[in-house]
Amino acid sequence: MGMPNIPNITPTINLKNEDIINLLLASIALEEFSLAAILSSEAEKIQQLLEGRCQANLQDMIALNKSVNKMLKDVIKKEILLEFKFENILDLIELQKD
């Protein structure tokens, strides 16, 4: 089998610094909305269990607790990365003022 032919694509995108900053801030906001939806889903799982809407024994409860705990840890990790990203944007804004 031969190598695929990849066309020579050279896109030209012209963005001003202000546009870049706005896009970066929007990307953080969208990720925050996604994380909020994940947290809401995890809370719904716990609520269903506590209200008795699903049959669960002690092992099921422990498994759910471990699952939610892992998800919360993952969300916290992502939040830390988003904070770093936001701090970098603030630095970029400061550089732009100079």
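The values are calculated or read from the model by the stated rules, or taken from the named source; none is laboratory data. Bear in mind that the values here come from a model prediction, so they are computed numbers and not experimental data. Methodologically, a virtual Cβ is constructed for each residue, glycine included, from the backbone with ideal geometry; neighbour enumeration extends over all protein chains shown. Surface areas here come from the heavy atoms of the whole protein model, side chains and all, with no ligands, DNA or RNA. Shrake-Rupley method; radii C 1.70, N 1.55, O 1.52, S 1.80 Å.
Descriptive notes on the structure:
- Remark: Ile62 matches the filter, which requires a residue to be over 30 Å from Asn17 (Cβ atoms), out of contact with any helix residue (DSSP H, G or I) (no Cβ under 7 Å at 6 or more places or on another chain) and either open to solvent by 70 Å² or more (accessible area, probe 1.4 Å) or of a type in the set (Phe, Trp, Tyr) (or both).
- Inter-residue pairs, beta-carbon under 7 Å, first under 16 Å from Asp91 (Cα atoms) and in the range 14-28, second among the polar types (S, T, N, Q) and assigned to a helix (DSSP H, G or I), 6+ apart: Asn17/Gln96
- Applying the set (1) open to solvent by less than 80 Å² (accessible area, probe 1.4 Å); (2) farther than 30 Å from Asn17 by Cα to Leu82 leaves exactly one unmet item: (2).
- On the stretch given as the range 45-98, residues that are of a type in the set (S, T, N, Q) and not in a helix (DSSP H, G or I) total 2.
- Of residues in the range 1-28 being among the hydrophobic types (A, V, I, L, M, F, W, C) and loosely packed, with under 10 Cβ neighbours inside 10 Å, the one modelled with the lowest pLDDT: Met1
- Some residue of the range 39-55 being modelled with pLDDT under 95, open to solvent by less than 100 Å² (accessible area, probe 1.4 Å) and touching a Ser or Thr at 6+ places or on another chain (Cβ under 9 Å): yes
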